[in-house]
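Have a look at the structure below, then the notes.
The values are calculated or read from the model by the stated rules, or taken from the named source; none is laboratory data. Quick caveat, the model's predicted, so the values are computed rather than measured. Every residue, glycine among them, receives a Cβ derived from its backbone with ideal geometry; neighbour counts consider all protein chains shown.
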Amino acid sequence: MAQPKRTELHETARAIVADHKGILAADESSGTIKKRFDTIGVESTEESRRFYRGLLFTTPGMEEYIGGVILYDETIHQKADDGTPFPELLAAKGVIPGIKVDTGAQDMAGFPGEKVTEGLDGLRARLEEYARLGARFAKWRAVITIGVGIPTGGCIHANAHALARYAALCQETGIVPIVEPEVLMDADNTLEVCHEATARTLHATFDELDSQRVDLEGTLLKPHMVISGKGCSKQASSEEIAQRTIHCFLSHVPAAVPGIVFLSGGQSEVQATENLNAINRIGGPWPLSFSYGRALQASALREWGGDEANAYAAQAVFLHRARMNALAAAGEWSAELEEAVKA
């Protein structure tokens, strides 16, 4: 890879998480956003999706807390009300446009209950097109499930290998890859079980990234927090989650990675903020920030409710959540501040 391209990758990765900024994950597939719209009684059409995402992207001041936005294939081709393509609109605000490029997790043949993410076929050409449209980073999500006898080494390895191949192709195109190996929190597992699955997954992922000659300084890691499964009878405190997460990551994530942007993984809005804040109270050699979807949007989506008249109110709610998470990325959030600002 030519040196100028390497330098640009490094600068882009650092810029996304600079000054405690994080990422808005607005890359929901058409099926996923339909489910979100169903909860507020809004029909999911191309226009309703365009309007809602445009509402978020045009929020005044969001660029103070959001360093990058992950777009979906439909969204990166769409335009704001004034005809400005969304990638251009974001870039003009100083927010870096990104794109989801995997085609989803599918059942893994021979591995019951486990999945492998697809989308490598034709990826080089798609990345070149997305780069022309203005994307400067990309995202690929691998899904690791906890259960009886799983995750298996075979599943972890297959997903780690796919993540590394995707990352290498991104960097070849001059796009920063976000590497997302997510261990799901949907089971009844303890904090300790999540820690063990996370350690195995991170170890395999960085081993594959090294094997595929991926430049770590031109990547970002998007992991889950080490957390109790939703069905576990003993839910870990924010302090326990922070301690386990930092301990695990110090052992398995190289310091060369320029930023870690946590996914919310089904946590509530405030829970995701509180846990991120606790993690930053301990800290590590990397910026520890956020790449949230629902944990940034849920309240704003309800506030909007499909009514254009509610757009400004929805933007205010979204801006509040973005600011709270930026404070958490600095370790400066508190429940008292949350309520005071909200009031």
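Odds and ends about this structure:
- Residue satisfying condition, being at pLDDT 95 or above and in contact with a strand residue (DSSP E or B) (Cβ under 9 Å, 6 or more places away or on another chain), within set His203, His224, His252, His247: His224
- Residue identified as buried (at least 16 other Cβ atoms within 10 Å of the Cβ), within 16 Å of the chain's Cα centre (by Cα), modelled with pLDDT of 95 or more and of a type outside the set (D, E, K, R) among Val116, Val101: Val101
- The residue that is farthest from Met324 (Cα to Cα), counting only those in region 16-38 that are small (Gly, Ala, Ser), at pLDDT 95 or above and not in a helix (DSSP H, G or I), is Ala26.
- Of all residues in region 248-266, those being free of Cβ contacts under 8 Å to residues at least 60 places away in the same chain and closer than 23 Å to Val317 by Cα number 2.
- Any hit, region 179-199, residues being touching a Leu at 6+ places or on another chain (Cβ under 7 Å), surrounded by fewer than 18 Cβ atoms within 10 Å (Cβ to Cβ), at pLDDT 95 or above and outside any strand (DSSP E or B): no
- Across region 222-261, the qualifying residues are those that are among the aliphatic types (A, V, I, L, M) and not in a loop (DSSP other than H, G, I, E, B), and the one among them that is surrounded by the fewest Cβ atoms within 10 Å (Cβ to Cβ) is Leu250.
- Which listed residue, of Thr273, Thr219, is surrounded by 16 or more Cβ atoms within 10 Å (Cβ to Cβ), within 19 Å of the chain's Cα centre (by Cα) and over 21 Å from Val143 (Cα atoms): Thr273
- Against the test of being over 20 Å from Thr12 (Cα atoms) and modelled with pLDDT of 95 or more, the options Ala109, Ala92, Ala138, Ala131 yield a single qualifying residue, Ala109.
- The residues of region 278-315 that are among the small types (Gly, Ala, Ser) and touching a residue at least 60 places away in the same chain (Cβ under 8 Å), listed by number, are Ser289, Ser291, Gly293, Ala300, Gly305, Gly306, Ala311, Ala314.
Residues checked against (1) touching a Ser or Thr at 6+ places or on another chain (Cβ under 6 Å); (2) closer than 25 Å to Glu269 by Cα:
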{"position": "Lys5", "(1), (2)": "no, no"}
{"position": "His10", "(1), (2)": "no, no"}
{"position": "Val17", "(1), (2)": "yes, yes"}
{"position": "Ala25", "(1), (2)": "yes, yes"}
{"position": "Glu64", "(1), (2)": "no, yes"}
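- Restricting attention to region 119-144, the residues being surrounded by fewer than 19 Cβ atoms within 10 Å (Cβ to Cβ) and of a type outside the set (D, E, K, R) number 6.
- Any chance Ala272 is assigned to a loop (DSSP other than H, G, I, E, B) and of a type outside the set (Ser, Thr, Tyr): no
To keep it simple, each residue is scored yes or no on (1) surrounded by fewer than 18 Cβ atoms within 10 Å (Cβ to Cβ); (2) in contact with a His (Cβ under 6 Å, 6 or more places away or on another chain); (3) closer than 27 Å to Asn277 by Cβ; (4) touching a residue at least 24 places away in the same chain (Cβ under 8 Å).
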| residue | (1), (2), (3), (4) |
| --- | --- |
| Leu9 | no, no, no, yes |
| Ile16 | no, no, yes, yes |
| Ala26 | no, no, yes, yes |
| Thr45 | yes, no, no, no |
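For every residue, the table says whether it meets (1) over 15 Å from Asp307 (Cβ atoms); (2) in contact with a Pro (Cβ under 7 Å, 6 or more places away or on another chain).
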position: Asp38; (1), (2): yes, no
position: Glu43; (1), (2): no, no
position: Arg50; (1), (2): yes, no
position: Arg53; (1), (2): yes, no
position: Leu56; (1), (2): yes, no
position: Gly68; (1), (2): yes, no
position: Leu71; (1), (2): yes, yes
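- Here Ser264, Ser289 are screened, and the one residue that is touching a Lys or Arg at 6+ places or on another chain (Cβ under 8 Å), surrounded by 22 or more Cβ atoms within 10 Å (Cβ to Cβ), under 18 Å from Ser237 (Cβ atoms) and not hydrophobic (A, V, I, L, M, F, W, C) is Ser264.
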